[in-house]
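Heads up, the thing below is written out as structure tokens.
The values are calculated or read from the model by the stated rules, or taken from the named source; none is laboratory data. On a predicted model such as this, the values are computed, not experimentally measured, just so you know. For the accessible areas, the whole protein counts, side chains as well, though only heavy atoms, and no ligand, DNA or RNA atoms are used. Shrake-Rupley method; radii C 1.70, N 1.55, O 1.52, S 1.80 Å.
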Amino acid sequence: MAPRSDAARNAELLITAAKELFDQHGPEVALDRIARRAGVGNATLYRHFPTRADLLIAVYEDEVAELCALGQMHADAPDAGDALFTWLDALAAHIADKGTLAFAGTEPHSTRRTALFDRWHASIRAIAERLVERAHEARAIRDDLTAADLLALANAAASAADGPAHARRLTGFIRNGLQAQGTDL
């Protein structure tokens, strides 16, 4: 059943208010401040977004969708290795820019992760698996590289970076280490 129009409108108001406040004050801004900015009560906020992580992920869901669309676009590119590393570069830059999003649902106990985070992570993982598989078939990357390895490396580059440009620089170094022997950049 589709949500009522006022419920959908309230969710959109909350997402808009949260995005504005997160951009201005960071992701730790008080949730009741977001509810006030949206013109709704705290109960409405928590009904739509039970946790801060749910709200963070919803705020950036469009950006995650764009990242997945980029991966889909590159999935059939003629140069499978270049497609993989172009997407890896975009992923690392995204994580570096939106680090709070990337780590919002990554608490040590997977039972504490949110459903929204799990859905987001599954879509990223699926794109990575598809791109890695094609790069393996093209013999563009090391045989022992897995999608999980690639995602861990992208997270590591983003975590170590001081911003998206630095994350892109680090993924360039990663690319050199992951290419199959005898391949050119």
For this session: Pull up all non-local amide H partners of TYR60: gap of 5 or more, or a different chain, and H-to-H distance under 5 Å with H placed in the peptide plane.
Result: none
Exercise. What accessible area per residue comes out for the chain, rounded to a whole number of Å², with a 1.4 Å probe?
Worked result: 54 Å²
For this session: For the chain, compute Rh as the Kirkwood radius over C-alpha pairs and then the Stokes-Einstein diffusion coefficient at 20 °C and 1.002 mPa s; write the answer in µm²/s, rounded to an integer.
Result: 121 µm²/s
Exercise. How much accessible surface does ASP82 have with a 1.4 Å probe, in Å² rounded to 10?
Worked result: 70 Å²
Exercise. Got a number for carbon plus sulfur as a percent of the chain's accessible area, 1.4 Å probe?
Worked result: 51 percent
Problem set entry | Heavy atoms of ASP79: accessible area, 1.4 Å probe, square angstrom to 10 | 90 Å²
